Amino acid sequence: MRLRRKKTALYLVPLLMFLAWTVFIYQFPPADIVTYVGMKNGYLATLCIAFIGGLSVLISIPYHLVIMTFAAGGLNPWLLGLAASIGQLGGDTTSYMLGFSGGSIASGRFAAAMDRFRNWVIRRPYRQMACALFVYGSISPISNDWMLVPMGLARYPYWRVMLPLELGNVVFNTTMALLGTYGLASVLGA
């Protein structure tokens, strides 16, 4: 019973962060936040927050809200999307490496399941896998970890996973920044 409560509380963290950020941006307009953080520091802050978001194993940190807020505050949405994607690449690399190193200690039924998964993934044409990873990165706001850890466990080559996934993340993060520029800014009157 206690374990179930802890898991439920863990999944409430992103929702609570979303609600707190929503209250925060209604108290302080995005332009004021960007002025306080500074233009150049806004890109660095985006990179760092996206890195932390990429590190979050199996629980998504809603760093997209920061991207949207900074974009609504006047930062360049194209640079914000790029900065967030670079930060996310660092965090996602950690998740992939976690899976890659964990594969060496797997044993029994788990190791057999990973071998079946590896064989299934390797039999797929690379274009098919790259397309699936790109589309996932382009449209999914949830953590990439649920895909990266198994790919690492299966020892699927790093760049074959990361290149299409992170290109998709560039599309997604830039879209969030553009949404902040043209959507959030008009709603908040920034």
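Here, each number is a calculation from the coordinates, and none is a lab measurement. Because the structure is predicted, anything quoted here is derived from the model rather than measured. No Cβ is skipped: glycine too gets one built from the backbone with ideal geometry, and neighbour counts run over all protein chains shown.
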Which stretch or stretches of the range 162-176 have amide N atoms under 18 Å from the point lying 7 Å from I139's Cα along the Cα→Cβ direction?
164-176
Residue by residue through the range 165-178, which ³J(HN,Hα) values in whole Hz follow from phi under the Karplus form 6.51 cos²θ - 1.76 cosθ + 1.60 (θ = phi - 60°), with glycine and proline marked x?
5, 6, 5, x, 5, 4, 4, 5, 5, 5, 4, 4, 5, 5
Which order do the peptides 159-169, 82-92 come out in when sorted by mean C-beta neighbours inside 10 angstrom, highest first?
82-92, 159-169
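Using 1/(1 + (r/R0)^6) with R0 = 41 angstrom and r between the beta carbons of R127 and L12, what's the FRET efficiency to the nearest 0.05?
The pair R127/L12 has a calculated efficiency of 0.55.
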Which order do L19, L178 fall in if you start with the one that has the fewest other Cβ atoms within 10 Å?
L19, L178
When a/c is below 1.5 the answer is rounded, else prolate if a/b is larger than b/c, else oblate, so apply that to the range 91-160 with a ≥ b ≥ c taken from the square roots of the Cα gyration tensor eigenvalues.
oblate
In whole Hz, with x marking every Gly and Pro, tabulate ³J(HN,Hα) for the range 146-162 from phi via Karplus 6.51 cos²θ - 1.76 cosθ + 1.60, θ = phi - 60°.
5, 9, 6, 4, x, 5, x, 4, 7, 6, 5, x, 3, 5, 6, 8, 6
Over all directions, the range 22-154 yields a Cα convex hull whose mean projected area in nm² is 9.1
Order by neighbour count: M151, M129, fewest other Cβ atoms within 10 Å first, most last.
M129, M151
